[in-house]
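Peer 1: Let me begin by handing over the structure; questions about it come next.
Read-outs: derived from the displayed coordinates by stated rules, not from any lab. None of the values given here were measured: they were computed from a predicted structure. Here the Cβ is made from the backbone with ideal geometry for all residues, glycine too, and neighbour counts use every protein chain on show.
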Amino acid sequence: MADAFQFDLVSPERRLATVEATSVQIPGADGDMTAMANHAPTITTLRPGIVTVTHSGGTDEYVVSGGFAQIAPDEISVLAEQALPRGDVTQEVYERMVEEAQKAYDTTKETYKNEPGPVDEAAKLLADMVAVGGHIGLSTKQPSL
Amino acid sequence: MPSLKDLKNRIDTVKSTRKITKAMQMVAAAKLRRAQEAAEMSRPYAERFNAVMAGLASSVGDSEGAPKLLSGTGKDDVHLLVVMTAERGLCGGFNSNIAKLARTHAKDLLSKGKTVKILTVGKKGRDAMRRGYSDHFVGHIDLSDVKRVGYENAREIAQDVLNRFDEGEFDVATIFFSKFENVVTQVPTAQQVIPFETPEGTEAPDALYDYEPSEEAILADLLPRGVATAIFSALLENGASEQGARMSAMDNATRNAGDMIDKLTIEYNRSRQAVITNELIEIISGAEAL
C-alpha cells in the first residue's frame, strides 16, 4: 500500500474534493504526470483534461479546463479554472466548454494575426478540450482550426 | 389638525411600508446566507493561489525580464480605479461608502498631478462617481442581468482591465469594494491589483519547487488569473456586504415604521376621543338648554 497524502481540488467557486489519496494523475501542460506521495515539490500548469484521483475508496475523475497544480511531498493541490466531476459533464456541458475554447481560439487568431505562438497555443487548448470528449465517451464535434 | 380619515390613511400607508421593508429584510437575510457561503467557498482557492503567487513573485520579482503585471510599467502616472458597487439601492450606506472612498482616492491622486481613469462595476457606483468625475470615466460594466455572480463574470471584468493595460492605458489599477466583516460592519477597501501585490498575511511556501514548463511561463499564465481571482473575491465580498447592509438598513426601517405607527395610533385615538367628547358636550348642553 502506497503512502497516502492530502489531495485538494479547488475551483474559484468551490472546493470539489479533499481526500486522502494514494496517487493523482494530472494533465500537465507538458504531458500527463502521475504524482504519488513524496513527489518532488513541483508547480505545473494544466491543460484541459481529466484529473484522476485514486484513494482507498476507489477512483474519482474530474474534468478540468486549465489551471495549475501545486505538488508537495505530503500534499497536492489542484487549482482549476473550471472543474466538474466527470459524471456532471453531459454532452451539453461539454459542448459549451468546447464552444468556449473555440471562441477563445477565434479571438486569438484575430488579435495575433502574424504571430504563430499564441495562436498555436490556443489551437492546442482547443484540441485538448476536444480530446477530453473522446476520453469520457461523448460524441465530439470537430473544431474548425 | 389632520382629520381622523387622514390619520387613518397615514397609518395604513406606514403599515404597508413596514410590510415591504420587513419582506426585504427577510429576503436579504436569505440572500446573505447564500452570499456568505459563496464567499467562503472561494476562500481556499484564493488562499492557495496567493501563496503560490507569493512564492513565484519573490523568486522572479527582482529579475529584469519580469512581466509588467508584476513589476509595473516603471511609472505610476495613470491610475485606473475600478469601483465595484451594487446594482440596487436601499442598502444603507453601502454604495455611498465605496464611492466616497474612491472619490477621496481620486482627489488625492489628482492633487498629486496624476491622471485618473474610472471604470465602474454596478449601476449605483456609476451614478455616484458621475457626479464630479464624469470626465474621468472610461467604462462601465453592467451586471444587472447577472443573478448569481460567477467566476465567469470576474474573468470578463479582468479581461477588460487587462486589455486596457496591454494597450498602455494605465500604469496602476486599484479595485474598490466593501469587505464583509459581519452583518453590521462592512469595510470599504481599496486593493491594488496591477502591479500585483501580495495580500497581507500570505505566507510564501518555503519548499523549493520545480516549475513546469518554466517559472516565467507559469508566472505569465498566473498573473492574469491573479487579477481575475482578486476581482472575483472582491465581487463575492461585495455581494455579502450588500446583503448584510441591506438587512440592517431594512431592519432599522421596519423598526422606525413600527415607532411611527405607534405614534400615529396614539394621535388617532386621542383625536377620536376628542371628537366623542365634543359630541357628548353638544348633546348634554342641548339637553340642559331644554
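Peer 1: In peptide A:74-87, how many Cβ atoms from other protein chains are near each Cβ within 10 Å, on average?
Peer 2: Values: counts 0, 0, 0, 6, 1, 9, 1, 5, 4, 0, 0, 0, 0, 0.
Counting other chains' Cβ atoms within 10 Å and averaging over A:74-87 gives 2.
Peer 1: Could you sort B:133-146, B:99-112 so that the peptide with the highest average Cβ count within 10 Å comes first and the rest follow in order?
Peer 2: On the way: B:133-146: 13.3, B:99-112: 16.6.
Those peptides, ordered most packed to least, come out B:99-112, B:133-146.
Peer 1: Dividing the convex hull volume of the Cα atoms of the range A:89-135 by its residue count, what figure in Å³ per residue is obtained?
Peer 2: 47
Peer 1: Run lengths n ≥ 4 of DSSP H only: what is the helix-derived mean residue ellipticity at 222 nm for chain B, with -39500 (n - 2.57) per run over all residues, to the nearest 500?
Peer 2: When only DSSP H runs of four or more count, the value is -22500 deg cm²/dmol.
Peer 1: Under 18 Å from a label point 7 Å along Cα→Cβ of B:ALA29: give me every residue in the range B:244-271 with its amide N that close.
Peer 2: B:244-259
Peer 1: Ignore the peptide's own chain and count Cβ atoms of other chains within 10 Å of each Cβ in A:40-46; give me the average, rounded.
Peer 2: Mean shielding by partner chains, rounded to a whole number: 6.
Peer 1: Now a separate question. Taking a cut-off of 23 Å between Cα atoms, list the lysines near B:LYS75, but don't count ones fewer than 8 places away on the same chain.
Peer 2: B:LYS107, B:LYS112, B:LYS114, B:LYS117
Peer 1: In sequence order, what are the phi-derived ³J(HN,Hα) couplings for the range A:95-110 according to the Karplus relation 6.51 cos²θ - 1.76 cosθ + 1.60 with θ = phi - 60°, rounded to whole Hz, with x for glycine and proline?
Peer 2: For the range A:95-110, the Karplus-derived couplings read 4, 5, 5, 5, 4, 4, 5, 4, 5, 4, 5, 4, 5, 4, 5, 5 Hz, x marking Gly and Pro.
Peer 1: For B:LYS147, list the aspartates and glutamates whose Cα falls under 20 Å from its own Cα; do not include residues on the same chain fewer than 8 positions away.
Peer 2: B:LYS147 reaches A:GLU13, B:GLU37, B:GLU40, B:GLU87, B:GLU156, B:GLU237, B:GLU242.
Peer 1: Could you give the radius of gyration (one decimal) and Dmax (whole number) of the Cα atoms in chain A, in Å?
Peer 2: Reported Rg and Dmax, both Å: 15.9, 53.
Peer 1: Another question about this same structure. If the viscosity is 1.567 mPa s and the temperature 4 °C, what translational diffusion coefficient in µm²/s does Stokes-Einstein give for the range A:5-86 when Rh comes from Kirkwood over Cα pairs?
Peer 2: Taking Rh from Cα pairs, D becomes 107 µm²/s.
Peer 1: If you build a Gaussian network model of chain B, linking Cα atoms that sit under 10 Å apart, which residue out of B:ASN278, B:ASN182, B:ASN50 swings the most?
Peer 2: B:ASN278
Peer 1: Note down the net charge around B:LYS100, summing +1 for each Lys or Arg and -1 for each Asp or Glu among other residues with Cβ under 14 Å from its Cβ.
Peer 2: Once all neighbours under 14 Å are counted, the net charge is +2.
Peer 1: Also: Report, as an integer, the average count of C-beta atoms from other chains found within 10 Å of each Cβ along B:22-32.
Peer 2: 0
Peer 1: Another one. Of all DSSP beta bridges in the protein assembly as shown, what percent run antiparallel (nearest 5)?
Peer 2: Bridges in the protein assembly as shown are about 65 percent antiparallel.
Peer 1: So, by mean Cβ neighbours within 10 angstrom, what's the order for A:56-62, A:11-17 with the highest one leading?
Peer 2: A:11-17, A:56-62
Peer 1: Percent of Cα-Cα pairs more than 34 Å apart in chain B, please.
Peer 2: The proportion of pairs with Cα distances above 34 Å equals 38 percent.
Peer 1: Next question. Based on the alpha-carbon set only, what is the convex hull volume of the protein assembly as shown divided per residue, in Å³?
Peer 2: Once divided by residue count, the hull of the protein assembly as shown is 207 Å³.
Peer 1: Tally Lys and Arg at +1 and Asp and Glu at -1 over the other residues with C-beta under 13 Å from the C-beta of B:ALA274: what net charge comes out?
Peer 2: Every neighbour counted, the sum reads -1.
Peer 1: Among all the lysines, which ones have a C-alpha under 30 Å from B:LYS263's C-alpha, if same-chain residues fewer than 8 places away are not counted?
Peer 2: By straight Cα distance, B:LYS263 reaches B:LYS5, B:LYS8, B:LYS15, B:LYS19, B:LYS22.
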